[in-house]
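Beneath this line is the structure, given in structure tokens, with notes to follow.
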Amino acid sequence: MVSERATRVKPSPTLAMDTKAKEMKSQGIDVISFGVGEPDFDTPDNIKEAAIKAIRDGHTKYTPVGGIPQLKDAIAEKLRKDNGLSYEKEEIIVSCGAKHSLYNIAQALLSPGDEVVIPSPYWVSYPAQVLLNDATPVFVKTREEDGFMLNPDELREHITERTKAIILNYPSNPTGLGYDRSTLEAIADVAVKSNICIISDEIYEKLLYDGTEHISIASLSEEVRACTIVVNGLSKSHAMTGWRIGYAAGPEDVVKAMTKIQSQSTSNPTSIAQWAAVEALKGPQDFISIMVREFDIRRRFLVEALNNIEGIRCGLPTGAFYVFPKVSEIFGRGYKGRIIEDSSALALYFLEEAGVALVPGSAFGAEGYIRISYATSMENIRKAVERIGEAIEKLS
Ligand SMILES: *Cc1c(COP(=O)(O)O)cnc(C)c1O
């Protein structure tokens, strides 16, 4: 009964793993989730209070489709202050999460047959959203030795007359790594010269360690800004995943098209969540540094503990809340006649034998790796790493 379109994509593998882990938990099985893609911190109280106040003040009706002006102002101010970017309200749209902003972008930009360059490993929704919009994802592999940064020459080699856009995501989900200025400049140069758009997903911007600085690619020059759509949101920075507020800033014609599409699909994001987002952006920001400090402690502990396990090799990422260790050395080993041949088999083995849920690298287009999220308590991290170590020892 369903359309051809609906058969083009699979459900998000990261959410699927989470569902499976929750199922096992509900059956009373002890499962620790290393798979989560959201901060384990609660939304700060001042933000919750702003939402309660919005309800009491009667902000419970439709708002302008692309967001209330107060929130657009707060976003414009954030982009100016944090990223050195200047956008007018007409160049900003608020959506139901950054994922929705990205979907609107795909709808507004892509025609059948268009190609979108996606560096791999990639966030799972990029190829799915491109496919859902009748376009073709073109993957360009990146390497761990290069910090998983896209090589600008390889980008150039993959551009055809059908190429419409490239999607960048830094700090990256799943690798936790970012881009340095010179690589960003070289990538931007290729994009400008080839006349393609840059979609820059900067949702993990605030989660940075070791003094790493975030450079928004749109801030490199006026020329780059003109071909870039910046995507960001409050889910990760303010522990607001359930509130569904994300936004995009870019050329007015693109934002106008996105707003038109949004007006015919979801209409405005939840009015109450928008008022909460105003407080999140304009209120005290110390919550972020507290959260980052805690993530940093876990990150160091986790990377060291993983590197003490034979068969796992893990670099130290500089952002987000993921590590992306190499596990291919384990492939070919077995347990009770079962051979671990790839990252999905390994993830399943960890889930069933160790009670640890994590996501195989293959889900992100990077076989040989696994993604571990440290958005969980130190106690869980300790226990889960121990269990992983024991499960690997059982293999021969
Ligand atoms: C979490 C995430 C998003 C989506 O965030 P929402 O605002 O909750 O939709 C977008 N991009 C990446 C890379 C993410 O990890």
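Tabulated results
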| quantity | calculated |
| --- | --- |
| Matching residues in the range 16-45 - criterion: being within 16 Å of the ligand (Cβ to nearest atom), touching a residue at least 60 places away in the same chain (Cβ under 8 Å) and part of a helix (DSSP H, G or I) | 17, 18 |
| Residue, most open to solvent (accessible area, probe 1.4 Å), within the range 46-66, restricted to residues that are among the β-branched types (Val, Ile, Thr) and touching a residue at least 60 places away in the same chain (Cβ under 8 Å) | 55 |
| Qualifying positions in the range 206-235 - under 25 Å from residue 108 (Cα atoms) and either hydroxyl-bearing (Ser, Thr, Tyr) or within 11 Å of the ligand (Cβ to nearest atom) (or both) | 216, 219, 221, 228, 231, 232, 233, 234, 235 |
| The range 4-45, subset open to solvent by 50 Å² or more (accessible area, probe 1.4 Å) and modelled with pLDDT of 95 or more, residue farthest from residue 375 (Cα to Cα) | 45 |
| Residues that are surrounded by 24 or more Cβ atoms within 10 Å (Cβ to Cβ) and out of contact with any strand residue (DSSP E or B) (no Cβ under 9 Å at 6 or more places or on another chain), drawn from the range 207-236 | 236 |
| The lone exception for residue 75 - which of (1) touching a Lys or Arg at 6+ places or on another chain (Cβ under 8 Å); (2) at pLDDT 95 or above it fails | (1) |
| Cβ pairs under 7 Å, 6+ apart, first in the range 145-163 and at positive phi, second open to solvent by less than 60 Å² (accessible area, probe 1.4 Å) and modelled with pLDDT of 95 or more | 147/177; 148/121; 148/142; 148/172; 148/175; 148/177 |
| Neighbours by Cβ (under 6 Å, 6+ apart or cross-chain): first from the range 177-190, aromatic (Phe, Trp, Tyr); second open to solvent by less than 20 Å² (accessible area, probe 1.4 Å) | 179/170 |
| Filtered residues of the range 238-261 (kept if more than 10 Å from the ligand (Cβ to nearest atom) and either crowded, with 23+ Cβ neighbours inside 10 Å or at pLDDT below 95 (or both)) | 238, 248, 249, 250, 255, 258 |
| Enumerated helices (runs of 4 or more DSSP H) restricted to the range 49-134, each holding at least 2 residues that are more than 16 Å from the ligand (Cβ to nearest atom) | 69-83, 98-109 |
| Scope the range 83-119; condition among the polar types (S, T, N, Q) and more than 22 Å from residue 281 (Cβ to Cβ); matching residues | 107, 111 |
| Test: residue in the range 116-124 that is modelled with pLDDT under 95, within 16 Å of the chain's Cα centre (by Cα), in the same structural domain as residue 253 (by TED's automatic domain parsing) and more than 14 Å from residue 248 (Cα to Cα) | yes |
| Qualifying positions in the range 176-206 - of a type outside the set (A, V, I, L, M, F, W, C) and either open to solvent by less than 10 Å² (accessible area, probe 1.4 Å) or under 30 Å from residue 287 (Cβ atoms) (or both) | 176, 178, 179, 180, 181, 200, 201, 202, 204, 205, 206 |
| Selection count where residues are β-branched (Val, Ile, Thr), closer than 14 Å to residue 392 by Cα and open to solvent by less than 10 Å² (accessible area, probe 1.4 Å), scope the range 339-369 | 2 |
| Residue list for the range 67-104, filter: over 18 Å from residue 261 (Cα atoms), among the charged types (D, E, K, R) and open to solvent by 60 Å² or more (accessible area, probe 1.4 Å) | 73, 77, 80, 81, 88 |
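To keep it simple, each residue is scored yes or no on (1) crowded, with 24+ Cβ neighbours inside 10 Å; (2) without any contact (Cβ under 8 Å) to a residue 60 or more places away in the chain.
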residue	(1), (2)
263	no, no
267	no, no
270	no, no
278	no, no
282	no, no
291	no, no
298	no, no
322	yes, no
337	no, yes
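The values are calculated or read from the model by the stated rules, or taken from the named source; none is laboratory data. Just so we're clear, the structure is a prediction, and the values are computed from it rather than from any experiment. A quick note on method: Cβ atoms are made from the backbone with ideal geometry, for glycine too, and the neighbour counts reach across all protein chains shown. Heads up: the accessible areas ignore ligands, DNA and RNA and are worked out on the full protein's heavy atoms, side chains in. Shrake-Rupley method; radii C 1.70, N 1.55, O 1.52, S 1.80 Å.
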